[in-house]
């Protein structure tokens, strides 16, 4: 399965005991049309204890986050176990494996990237990003963290999306964010 995501940037930053996720609001169709500028690509789930962000087809992403929340409930909120079990199900289920989306999830302590090919990846550091502008946002967030500037996780995440929006044509600066 190869996911070529256009129109989404989501970044997650962990700093000083806080974790912030931010996303742009642009939804595109094909390579030349913006369908919506104010989409909400972040969700709080599992009694607001977990934040997820998604990239890809909106309907597919909604399906995935609803299933992921059920998996979290089934394992008593253990994010690591839920992520692994969910990735297995996503990869092996004939219907789910066709869904065109990817997700990030954090409980404020751990963060994971999840995909339909069975990926469950925790970052080496304190930043993770997905989507067409993900590498730009990741680079910006890493630079902020390495620079020692006095910004909290939320401000770094938001500024990183803003920077990505100036580079990636599929990313805008209508930013939503969540802190956990």
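The values are calculated or read from the model by the stated rules, or taken from the named source; none is laboratory data. Computed from a predicted structure; not experimentally measured. Glycine also receives a Cβ, built like all others from the backbone with ideal geometry; neighbour counts cover every protein chain displayed.
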* To do: Considering (1) touching a helix residue (DSSP H, G or I) at 6+ places or on another chain (Cβ under 8 Å); (2) in the same structural domain as residue 178 (by TED's automatic domain parsing); (3) loosely packed, with under 15 Cβ neighbours inside 10 Å, say which one residue 147 fails and leave the rest.
  => (1)
* To do: Kindly provide the set of residues from the stretch 22-36 that are part of a loop (DSSP other than H, G, I, E, B) and surrounded by 13 or more Cβ atoms within 10 Å (Cβ to Cβ), ordered by number.
  => 24, 25, 26
* Asked: Within the bounds of the stretch 8-21, is there any residue that is part of a helix (DSSP H, G or I), buried (at least 19 other Cβ atoms within 10 Å of the Cβ) and in contact with a strand residue (DSSP E or B) (Cβ under 6 Å, 6 or more places away or on another chain)?
  -> no
* Structure fact -> When the stretch 30-63 is checked residue by residue, the ones that are over 29 Å from residue 89 (Cβ atoms) and either touching a strand residue (DSSP E or B) at 6+ places or on another chain (Cβ under 6 Å) or at pLDDT 85 or above (or both) are 33, 34, 35, 36, 37, 38
* Candidates 56, 118, 76 - the one that is buried (at least 16 other Cβ atoms within 10 Å of the Cβ) and on the phi > 0 side of the Ramachandran plot -> 56
* Structure fact -> Taking the stretch 154-175 and the residues there that are closer than 11 Å to residue 15 by Cα and touching a helix residue (DSSP H, G or I) at 6+ places or on another chain (Cβ under 9 Å), the one that is surrounded by the fewest Cβ atoms within 10 Å (Cβ to Cβ) would be 155
* How many residues does the stretch 112-141 contain that are touching a strand residue (DSSP E or B) at 6+ places or on another chain (Cβ under 7 Å) and within 19 Å of residue 179 (Cβ to Cβ)? -> 10
